[in-house]
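All remarks here apply to the structure that follows.
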Amino acid sequence: IMPFYEGVSLTITRAVVLGATKMTVYNEIKDSLKRNPDASDPSKRPSEFQMMLPGSYGWKDTDYAKFGHASGPSTPQRLGLVFSTSVVTGLAVTTTTSAFTNARTHMMSNPGKYSGMFACMADVVRTLGPLGLYRGFMAQWARFGPYATVQFIVWEQLRFMSGLPGI
């Protein structure tokens with residue numbers, strides 16, 4: 001019966017990393033993009049580096065007043081913010097989970113070969129090199145990028161339509 005549980009530790013670890021990355025990156029990137037040079041609160045203003053990058057600040061959301069914006073966002077502005085933030089989030093999640101996804105695939109396709117997650121990852125690095133943990137990265141991003149984008153746009157739109165504040 002134990003072979004049925006092969007790779008469960010990797011699946012759980014990947015799920016924890018995925019969930020933590022997805023919500024943290026989405027929230028941080030979205031708040032960073034909403035920073036406004038005219039905000040009265042210095043913590044809501046863009047950094048000097050951000051000021052050098054057009055489009056990396058000044059986005060509006062439903063909490064526009066919190067960031068010192070004079071007016072609320074139009075629907076295209078709000079959805080553009082969610083879309084942009086979701087794309088970056090998809091890339092971050094793919095980057096943080098790719099190694100676990102690849103190790104899980106190796107472990108589950110070779111039952112009994114590995115004593116655990118770290119032994120499997122070490123074998124992948126030994127046989128394929130460090131980039132072996134990121135093998136198939138673009139395919140993983142092609143899967144997760146659109147998923148994250150649709151997920152966050154639907155979540156944010158449902159929250160907006162029900163009168164709840166954005167994430």
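Numbers at a glance
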quantity: Candidate set from the range 1-34 (those that are open to solvent by 50 Å² or more (accessible area, probe 1.4 Å) and of a type in the set (Phe, Trp, Tyr)); member that is modelled with the highest pLDDT; calculated: Tyr5
quantity: Where Leu79 falls short, out of the listed (1) open to solvent by 30 Å² or more (accessible area, probe 1.4 Å); (2) over 26 Å from Val154 (Cα atoms); (3) part of a helix (DSSP H, G or I); (4) touching a helix residue (DSSP H, G or I) at 6+ places or on another chain (Cβ under 8 Å); calculated: (2)
quantity: Extreme residue, farthest from Gly129 (Cα to Cα), among residues of the range 88-116 that are open to solvent by less than 40 Å² (accessible area, probe 1.4 Å) and of a type in the set (S, T, N, Q); calculated: Thr89
quantity: Filter pass, Ala148 being within 23 Å of Asn27 (Cβ to Cβ) and at pLDDT 95 or above; calculated: no
quantity: Any chance Pro111 is in contact with a Pro (Cβ under 7 Å, 6 or more places away or on another chain) and at pLDDT below 95; calculated: yes
quantity: Count - residues of the range 36-56 that are open to solvent by 60 Å² or more (accessible area, probe 1.4 Å), in a loop (DSSP other than H, G, I, E, B) and not hydrophobic (A, V, I, L, M, F, W, C); calculated: 5
quantity: Test: residue in the range 50-73 that is touching a Phe, Trp or Tyr at 6+ places or on another chain (Cβ under 9 Å), of a type in the set (Val, Ile, Thr) and on the phi < 0 side of the Ramachandran plot; calculated: yes
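The values are calculated or read from the model by the stated rules, or taken from the named source; none is laboratory data. Given the structure is predicted, the values throughout are model-derived calculations rather than measurements. Cβ coordinates were reconstructed from backbone atoms using ideal geometry, including for glycine residues, and neighbour counts include every protein chain displayed. What goes into the accessible areas is simple: the full protein's heavy atoms, side chains included, and nothing from ligands, DNA or RNA. Shrake-Rupley method; radii C 1.70, N 1.55, O 1.52, S 1.80 Å.
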